[in-house]
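These notes are about the structure you will find just below.
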Amino acid sequence: MSAPYTPAAPPTFPPASTAPSQPPPTEAVARAPPHSYYGAPPPAQHPFPNAFSSTGPTQPQAPPPVSPQSFPQAPPVSQPPFSTAQVPPGPTQSYGGPLPPTQPSFSRPLLPTSQPSTFPAGPPPTSTPSQLPGVMQPQPPVSQPSPYHSGPPPTSTGFPPQVGAPPRPPFAGMQGPPMASQGPPMASQGPPLASQGPPMAQANHVPPTQPGMPPGPINASLSGPPPQLGMLGYPPQQNGEHQCWCFFTQIQVIEDDKANKGSEPFTTGVRGQAPPLVTTKFQVKDQGNASPRYIRCTAYNIPCNSDMAKQSQVPLAAVIKPLAPLPPDETPPYLVDHGESGPIRCNRCKAYMCPYMQFIEGGRRFQCGFCSCVTEVPPHYFQHLDHTGKRVDCYDRPELSMGSYEFTATVDYCKNNKIPQPPAFIFLIDVSYNAVKNGMVGIICQELKTLSSLIHQKNTENSFISVERLFFAFGFVTYNKVLHFYNVKASLAQPQMMVVSDVADMFVPLLDGFLVNVSESRVVIESLLDQIPEMFADTRETESVFGPVIQAGLEALKAADCAGKLFVCHSSLPIAEAPGKLKNREDKKLVGTDKEKSLFQPQVSFYNTLAKECVAQGCCVDLFLFPNQYVDVATLGVVPTSTGGSIYKYTYFQERFLNDLRRDVQKQVGFDALMRVRTSTGIRATDFFGSFYMSNTTDVELAGLDCDKTVTVEFRHDDKLSEETGALMQCAVLYTSCSGQRRLRIHNMAVNCCSQLADLYRNCETDTIINFFAKYAYRSVLGSPIKNVRDSLVNQCAQILACYRKNCASPSSAGQLILPECMKLLPVYLNCVLKSDVLQPGADVSLDDRAYLRQLVSTLDVSESHVFFYPRLLPLQKLDVMSMSLPVAVRNSEERLSRGGVYLLENGLNIFLWVGVNAQQELLQNIFGTPAFGQIDPNMTSLPALDNPFSKRLREIIESFRAQRSRYMKLMVVKQEDKLELIFKHFLVEDKSNNGGASYVDFLCHMHKEIRQLLS
């Protein structure tokens, strides 16, 4: 097994006080030294030269000495700005131009276009955009190669155009200017344009070089915003910051990122490189850091010390999705077997072997990149080093050259030092009156028959059932006030039922015949599933239990000595006399009061204790709820959310439930999982968010961990960090695979460290910050009044932006709102979180819905939280059926909807098809098979399969959206001016909401006011 690249020694970087480096002549690419590559020399068409030369022109060509950090670094933060000429796309384009003449000149090799975060960015134009209220600031369209120069090309000196240069063309994704009322009064806009920019040198923040002083900013009070290295494609104003009262539309940001980062593979070999946005389709090549599909960070250049982190208020966190599915064109992590002795680890901190370990003494020892401890290399793992200090087998071993991989765990890593049994699935079905009456029981039994038939066929090519599922044991229980266990042994002619009525002391009445192989017992199982709906068709039992149901599944797994998953299908509040009995505590009068937090807390402690027992056994619980009234999701959800399980809640359930259950049974899952995040000296993991249990401060315990679950980790400083070495993190997950094999999955990530605030603000990722803020806020409602939680979010966001304005932005009028380039969408996304049903519910939102959404968001990855808070809205009248690309989305605002159009909106849970009253007849004919608006059936949940290209393409889009999400999205057709339109408008998040949520414009004004108060 050979790895696709060869890590080389990292370059060394000059301290801030050395002479500045200078962009190279275009021929520098060809003269890159032979050892400046990260990895084995790639194909000729994709050169990967080093980021920066270490010193001046006299640097020798030999490779630098090996340091513990084995990744090239993204550009040093103290580099002065460079100008960017008009750049057509293509791998041969040279970036950079000459600096102002006060700077000495040194050449350095160029970076390729496939490493976007390391581009030198140019000095922004000195002309600021028009400050007239209500006028859309001109921006370059998506297709324009360079956003920096839209007028005549710059002169050969590389200086930007002066005041009065022709305006840039408007946003491609915008649909007209905002209303005149959307900007503040003109008087607050500051002085006229011509007087806004200081002389050129100051505008670019490059003070004259003095002996012994760095060429860049000298301290925070003097430093201006640096060139934006991480996010090309947005038009920066005044050194990359945005300072006009225009809308910062997320549509343009998304389209620009697709244009700039979607065409080249994202290679993970450069430390501190921000990945493409979650909305951009891209391919990942693992070259030593984990793929962004596994780990996304809030910042890729973190502060060197805690004071700087506290000053900025930017959260330092990582959203980790350990078993994330990969697209077909990416290789899953390799499985490495180190034999009976197990994986190689550091003696002190127990970090696993990874690319950050430095081999010394001819390869006989290695120094840990996390704690610097030196450990002996076992004889069987010894290998000689090459002339750069790398092991000669480095590229043949995934653990030495890749960011993500798996180890086969030895028996020492198994519970009780025993090899685990394959897991079991147990289905527990509520057969009380409500569940039978609403059709739930019949639908579940029919679907389970389909699943058993598919498993029996063992035709993995035509079936979604994986080979591993063929060896699972399955068991079945039904319940109301009592529990019914079923013996479905293959030798029986008919299934046998055993009833346990003593729910206060739960036990499993049979061992042999309860958990069986589906293929062997298929006939008996199908007979049982046919009989269950008939057996309980005339039931009058309205009460049900819940706690004993989970206890029964837990006891069955204990008896079988295996881990597994319980699929509990439940329909009502468990009011029957039994452990875990609940009462109806729904009280809308508490909403908006200090006691509201109690509604999110479990009403009894029984389920917390039960969850702890489930985790110890490796018993994961997935809960499918079919309520027609209050069921106390906040309490029933304790066990699922503590065991790594999921909660599904349905109103109209048939289509959604069948698809969710089918996916839940077949998705990749690990059992009996234990996760630990290790970090290099200087930072440590301090807080965790997700569906898990923690018995100590370091180990995240999950009875089950599936491919959709994330664990979000917050980091804090416990010492100073070094800009030279950066910061490292390693996520290790020990789990049992579906086949019963014990494995360790390892994900490694290295980020840069900075001593200048400007460099922190250059390398943040807003989507991940919002994901963290939402999870933090949703957890906070358990202990704080919701008003306090909302105020805290607004205050932290204002502090982040005020710190940037004070320490990084160029001097300007207080009437201007200035945002960092990569955070210009922070206000619009934060407003969506504040307006969400959990933090600001409407009168029609039930307490159960809020508790369900609170628990749902705690495990969402960044791509799902993005679309959950800011749904995707596509104008279908602009759909090109001859192209595989989607129409450019429009902003989530009612004023963007045309009465003559049809729009598709998805938010990860639902898909809405909004039809305007004046929609074109041809469009309606192609979609619905009728040209008349009045004949469209608003109750349809699937589109007719019509024989025309538009219908086929639209149905393909809907199915592709569903495939991207962890839950099946039901289609709802919404006709304009119909009663369902109120539900649809709830997701137009830029508008003022019925529950009092602010519009984007109002919130932007409010945020500006908060920032000004902090600055004054």
> From the backbone phi of the stretch 606-615, what are the Karplus-calculated ³J(HN,Hα) couplings (6.51 cos²θ - 1.76 cosθ + 1.60, θ = phi - 60°) in whole Hz, Gly and Pro given as x?
Replying inline: 3, 6, 5, 5, 5, 4, 4, 5, 5, 4
> Ordered by packing density, taken as the mean number of other Cβ atoms within 10 Å over each peptide's residues, highest first, how do 366-372, 404-410 rank?
Replying inline: 404-410, 366-372
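Could you please put Asp706, Asp587, Asp396 in sequence from largest to smallest accessible area, using a 1.4 Å probe?
Details: Asp706 0, Asp587 55, Asp396 90 Å².
Ranking Asp706, Asp587, Asp396 by accessible area, largest first, yields Asp396, Asp587, Asp706.
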>> What distance in nm lies between label points placed 7 Å from Cα along the C-beta direction at Ser263 and Gln313?
In response: 4.0 nm
> With a ≥ b ≥ c the root eigenvalues of the C-alpha gyration tensor of the stretch 871-988, is it rounded (a/c under 1.5), prolate (a/b larger than b/c) or oblate?
Replying inline: rounded
>> Can you list residues from other chains, or at least 5 along the same chain, whose modelled amide H is less than 5 Å from the amide H of Val284?
In response: Phe266
>> I want the local charge near Gly363. Using Cβ-Cβ distances under 14 Å, sum +1 for each Lys or Arg and -1 for each Asp or Glu among the other residues.
In response: +1
>> Can you work out the Karplus-derived ³J(HN,Hα) for every residue in the stretch 311-323? Use 6.51 cos²θ - 1.76 cosθ + 1.60 with θ = phi - 60°, whole Hz, and x for glycine or proline.
In response: 5, 7, 6, 6, x, 9, 8, 10, 9, 10, 10, x, 10
> Taking 0.36 nm per residue of separation and subtracting the Cα-Cα distance, what length does fully extending Glu894 through Glu959 add?
Replying inline: 20.8 nm
> Which loop trypsin sites (Lys or Arg not before Pro) in the stretch 832-934, with loop taken from DSSP, have no more than 16 other Cβ atoms within 10 angstrom of their Cβ?
Replying inline: Arg899
> Applying the Karplus parametrisation 6.51 cos²θ - 1.76 cosθ + 1.60 with θ = phi - 60° to the phi angles of the stretch 805-818, what ³J(HN,Hα) value in whole Hz is obtained for each residue in order, glycine and proline being reported as x?
Replying inline: 4, 6, 9, 10, 7, 6, x, 7, 4, 5, x, 9, 8, 10
> Within the stretch 431-667, what percent of beta bridges assigned by DSSP are antiparallel, to the nearest 5?
Replying inline: 50 percent
> Which shape class, rounded, prolate or oblate, goes with the stretch 959-1016 when its Cα gyration tensor gives a ≥ b ≥ c as root eigenvalues, a/c under 1.5 marks rounded, and past that a/b bigger than b/c marks prolate?
Replying inline: oblate
>> Can you give the FRET efficiency to the nearest 0.05 for Ala932 and Met884, using r as the Cβ-Cβ distance and R₀ = 30 Å?
In response: 0.45
> How many angstrom separate the Cα center of the stretch 258-311 from the Cα center of the stretch 534-569?
Replying inline: 44 Å
>> Give the separation of the Cα centroids, the stretch 758-834 to the stretch 845-899, in Å.
In response: 21 Å
> So which trypsin sites (Lys or Arg not before Pro) in the stretch 287-316 end up in coil per DSSP with only 10 or fewer other C-beta atoms within 10 Å?
Replying inline: none
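Within the accessible area of the stretch 871-988, what % is carbon and sulfur when the probe is 1.4 Å and the other protein chains stay in place?
50 percent
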>> How much length would be gained if the chain were fully extended between Gln1013 and Ile360, taking 0.36 nm per residue of separation minus their Cα-Cα distance, in nm to one decimal?
In response: 229.6 nm
> How far is it, in nm, from the label point at Gln603 to the one at Ser519 when both lie 7 Å from their Cα along the line to the Cβ?
Replying inline: 4.7 nm
> Given the protein chains as shown and a 1.4 Å probe, how many square angstrom of Leu1014 are accessible, to the nearest 10?
Replying inline: 80 Å²
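Probe of 1.4 angstrom, ligands and nucleic acids ignored: what's the accessible area per residue over the stretch 431-667, in square angstrom?
40 Å²
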> Heavy-atom accessible area of Ser695 with all protein chains present, probe 1.4 Å, nearest 10 Å²?
Replying inline: 80 Å²
> When ligands, DNA and RNA are left out and all protein chains stay put, how many square angstrom of accessible area per residue does the stretch 871-988 have with a 1.4 Å probe?
Replying inline: 44 Å²
> How high is the FRET efficiency from Glu534 to Val411, r the C-beta distance, R0 45 Å, rounded to 0.05?
Replying inline: 0.40
>> Just to be sure I understand the model, the point goes 7 Å from the Cα along the line to the Cβ. What's the resulting Leu335 to Lys985 distance in nm?
In response: 5.6 nm
> Once the dipole of the stretch 431-667 is set up with Lys and Arg at +1 and Asp and Glu at -1 on Cβ about the Cα centre, which of Asn584, Cys620, Ala552 lies farthest towards its positive end?
Replying inline: Asn584
>> Keeping all protein chains in the complex and leaving out DNA, RNA and ligands, what accessible area do you get for Ser755 with a 1.4 Å probe, in Å² to the nearest 10?
In response: 60 Å²
> Would you list Met506, Met694, Met884, Met969 from the most to the least accessible area, probe 1.4 Å?
Replying inline: Met884, Met694, Met506, Met969
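Give the calculated FRET efficiency between Asn696 and Gln629 to the nearest 0.05, with a Förster radius of 30 Å applied to their Cβ-Cβ distance.
The pair Asn696/Gln629 has a calculated efficiency of 0.15.
The values are calculated or read from the model by the stated rules, or taken from the named source; none is laboratory data. In this text the structure is predicted, and so the values were computed from the model without any measurement. Because the Cβ atoms are built from the backbone with ideal geometry, glycine has one as well, and the counts that use them run over all protein chains shown. We work out accessible area using only protein heavy atoms, side chains counted, and drop any ligands, DNA or RNA first. Shrake-Rupley method; radii C 1.70, N 1.55, O 1.52, S 1.80 Å.
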